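The values are calculated or read from the model by the stated rules, or taken from the named source; none is laboratory data. These numbers were taken from a predicted model, which means no experiment stands behind them. Reconstructed Cβ throughout: ideal geometry from the backbone, glycine too, with neighbour counts over all protein chains shown.
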Amino acid sequence: MAVNDTLEGTHKIIESAKEQEPRINPLVPSVNDFNQELTTLNLGPTHPATHGIFQNILQMDGERIISGVPTIGYIHRAFEKIAERRPFYQITPLTDRMNYCSSPINNMGWHMTVEKLLGVQVPKRAQYIRVILMELARITDHLICNGILGVDTGAFTGFLYLMDEREKVYEIYEEVSGARLTTNMGRVGGMERDFSDVAIAKLRAWLKTFPAVMAEFEKMFNRNRIFMDRVVDVGGISAERALNYGFTGPNLRAAGVDYDVRVMNPYSSYEDFEFEIPVGTKGDTYDRFMVRNEEIWQSLRIITQALENLPEGPYHADAPHYYLPPKQAVYKNMEALIYHFKIVMGEIEAPVGEVYHSVEGGNGELGFYLVSDGGRTPYRLHFRRPCFIYYQAYTEMVVGQTLSDAIVTLSSMNVIAGELDA
Amino acid sequence: MADQNESIPAQEAAAAQDPAAQKNAQLLSLLHGLFGEDTFTDVEEPYGLLTATTTRERIHDIIAGLQQDQQLQLNFLTTMCGMHFPEREGQELGMVYHLHSLTQNIRLRLKIFFPIADPVVPTLTDLYATANWMEREAFDFYGIIFTGHPNLIRILNVEDMDYHPMRREYALEDGTREDKTDLFFGR
């Protein structure tokens, strides 16, 4: 009886299947469905092509993007809150972790903000050393961005060439600060140590070898037909919209606005150096790529000038209240011990006031708005993170383009998740 | 500490020679001309950056007016952020706006303060596209409500968070711990 029941049941299923429209594969929508339905595509949060953790929910009409909803905050670490409980020198490691492709710029920007608040004058040699390190950081930042853009268009070779060069710059960082990626470099009042002979030798060697590699990279990409087809007129933004969106840095300059903090509000002796600000015309992915390439050459010019004219003298300010004394002196010298204790315990006297200082970061104007009530920690610290501000334009830039264009646009904007989410 | 014996005219003469102070004095007179003298209170120049406090009723008009003004061209919103001063009765919450003129290289800082019980501020998203996420951030951190904002939801924290973490009543350390007092280690 059980056997009969089963057979009858099977029979019914086969009969009902015959009544329906024949379909080759029920999982694949029919031709009619394509004309009527939009596809919702989850790009991210962990997608290998986004190089960071951010989600975009895209509405797709076939291959075209109709609209997008970006979600950020996946690696939010509440730096602004944490900074309200830390003495000034303990905030430097937080800045490392914002734009981790160019940590030294963040570090120096923070030190300069505190120096401005405290009224500390940094000697010329320290300023030049800072300029060299900041420009090295800018080069590594742009190397990553442009190398990855190559990878996203299918050209892996250039990326590998550039990674090799970035490695050499990291060795210079290591010589100067002991760290490679999150450098925690410099101190309030100057540098923690002078350039050693090894650091100078490594820098000179790198300055000799790097231009040839960079020239080869440019030769591979700049006029490459396949590459240009992928990036020209992709993800463009007009100068007017870019300004309205608060763009700064290479992304704004690619749109044709020559705003550079290093020139408009020079800090750390940038006025001593001769360099040019490259600008683009259309603000598309190709312009951003070319502006970054040219900025690498200009940074090399600055480094060469700074190294040739590196002044003699102390590498930190004579400000014992704020600058950590050398460890040897702490063990032997009473004053050094007292100052060491006061600084480490956060007992230094900070004036009441508010200060805004900005530096030209790898991605644009990196600003620090510091409100001090005279206490050991900032009362309020706000980071103006260029990535956070310009990433909101992403949706507008990719609507109407294809998914593969969206990937290269994201890549060329150089959105760094750490800086985006802080 | 400034020299107490120095006479006030001498200080004014010194200020007149300082180009940054001159620039700020010019900017302030232009602002007074545009929006009226009584619009701005607490005018200061901390570290050379002209800072003025105004009211939330006027802030939108002022920033719109500065954006349109051809002489100043203060049409770049560098950044804006919230603040919290619990001890200021009726003025607990604040917003700070940094404006920048890229053609003339003038910076201006505007502040508004308002009670925490009524944290409502007009949005700037109709003037600046960049204000969108900055205002969402201020809402997320401080619970400031921007009227007219197209999409005022949390941006960095999770959606189901039921407090605004940057307000000063939320201590960073676990409040139940007794082994870490603030006596020696900070506020």
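Within the stretch A:373-412, being within 23 Å of A:Phe79 (Cα to Cα) and assigned to a helix (DSSP H, G or I) holds for A:Pro386, A:Cys387, A:Phe388, A:Ile389, A:Tyr390, A:Tyr391, A:Gln392. Among the residues of the stretch B:136-151, those identified as surrounded by 19 or more Cβ atoms within 10 Å (Cβ to Cβ) and away from every other protein chain (no Cβ under 11 Å) are B:Phe139, B:Ile144, B:Phe146, B:His149.
Is it the case, given these coordinates, that B:Asn105 is within 9 Å of chain A (Cβ to nearest Cβ) and out of contact with any Phe, Trp or Tyr (no Cβ under 8 Å at 6 or more places or on another chain)? Spelling it out, B:Asn105 is indeed within 9 Å of chain A (Cβ to nearest Cβ) and out of contact with any Phe, Trp or Tyr (no Cβ under 8 Å at 6 or more places or on another chain).
Among the residues making up the stretch A:346-355, those that are within 11 Å of another protein chain (Cβ to nearest Cβ) and either small (Gly, Ala, Ser) or in contact (Cβ under 8 Å) with a residue 60 or more places away in the chain (or both) are A:Gly346, A:Pro351, A:Gly353, A:Val355.
How many residues are in a strand (DSSP E or B) and either surrounded by fewer than 19 Cβ atoms within 10 Å (Cβ to Cβ) or more than 10 Å from chain A (Cβ to nearest Cβ) (or both) when one looks only at the stretch B:85-102? Final tally of qualifying residues: 5.
Each row is one residue, and each column tells you yes or no for (1) surrounded by 19 or more Cβ atoms within 10 Å (Cβ to Cβ); (2) closer than 26 Å to A:Ala126 by Cα; (3) among the basic types (Lys, Arg); (4) in contact (Cβ under 8 Å) with a residue 12 or more places away in the chain.
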{"position": "A:Gly283", "(1), (2), (3), (4)": "yes, no, no, yes"}
{"position": "A:Phe289", "(1), (2), (3), (4)": "yes, no, no, yes"}
{"position": "A:Arg292", "(1), (2), (3), (4)": "yes, no, yes, yes"}
{"position": "A:Glu295", "(1), (2), (3), (4)": "yes, yes, no, yes"}
{"position": "A:Ser299", "(1), (2), (3), (4)": "yes, yes, no, yes"}
{"position": "A:Glu312", "(1), (2), (3), (4)": "no, yes, no, yes"}
{"position": "A:Pro320", "(1), (2), (3), (4)": "no, yes, no, yes"}
{"position": "A:Pro326", "(1), (2), (3), (4)": "no, yes, no, no"}
{"position": "A:Ala329", "(1), (2), (3), (4)": "no, yes, no, no"}
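Inside the stretch A:120-135, residues that are over 21 Å from A:Arg166 (Cα atoms), aliphatic (A, V, I, L, M) and touching a Phe, Trp or Tyr at 6+ places or on another chain (Cβ under 8 Å) make up a count of 2.
Note on the stretch B:114-135: among residues that are at the interface with chain A (Cβ under 9 Å from one of its Cβ atoms) and assigned to a loop (DSSP other than H, G, I, E, B), the one that is nearest to A:Ala78 (Cα to Cα) is B:Thr130. Checked across the stretch A:107-119, the condition of being of a type outside the set (Gly, Ala, Ser), more than 18 Å from the chain's Cα centre (by Cα) and surrounded by fewer than 19 Cβ atoms within 10 Å (Cβ to Cβ) holds for at least one residue. Among the residues of the stretch A:24-42, count how many are modelled with pLDDT of 90 or more and of a type in the set (A, V, I, L, M). Here the count works out to 1. For A:Ile139, the conditions (1) under 30 Å from B:Glu169 (Cβ atoms); (2) in contact (Cβ under 8 Å) with a residue 24 or more places away in the chain are fulfilled apart from (1).
Counting only helices (runs of 4 or more DSSP H) that sit completely within the stretch A:218-325, those holding 3 or more residues that are within 14 Å of chain B (Cβ to nearest Cβ) correspond to A:239-244, A:249-254, A:261-264. Quick check on my filter: what residues within the stretch A:226-266 are surrounded by fewer than 24 Cβ atoms within 10 Å (Cβ to Cβ), polar (S, T, N, Q) and touching a residue at least 40 places away in the same chain (Cβ under 8 Å)? Across the stretch A:226-266, the qualifying residues are A:Ser238, A:Asn265. Taking the stretch B:119-162 as the range and being touching a residue at least 40 places away in the same chain (Cβ under 8 Å) and of a type in the set (Asp, Glu) as the test, the residues that pass are B:Glu135, B:Glu137. Is it true that some residue in the stretch A:333-341 is surrounded by fewer than 18 Cβ atoms within 10 Å (Cβ to Cβ), touching a helix residue (DSSP H, G or I) at 6+ places or on another chain (Cβ under 6 Å), in a helix (DSSP H, G or I) and away from chain B (no Cβ under 13 Å)? Looking through the stretch A:333-341, at least one residue is surrounded by fewer than 18 Cβ atoms within 10 Å (Cβ to Cβ), touching a helix residue (DSSP H, G or I) at 6+ places or on another chain (Cβ under 6 Å), in a helix (DSSP H, G or I) and away from chain B (no Cβ under 13 Å).
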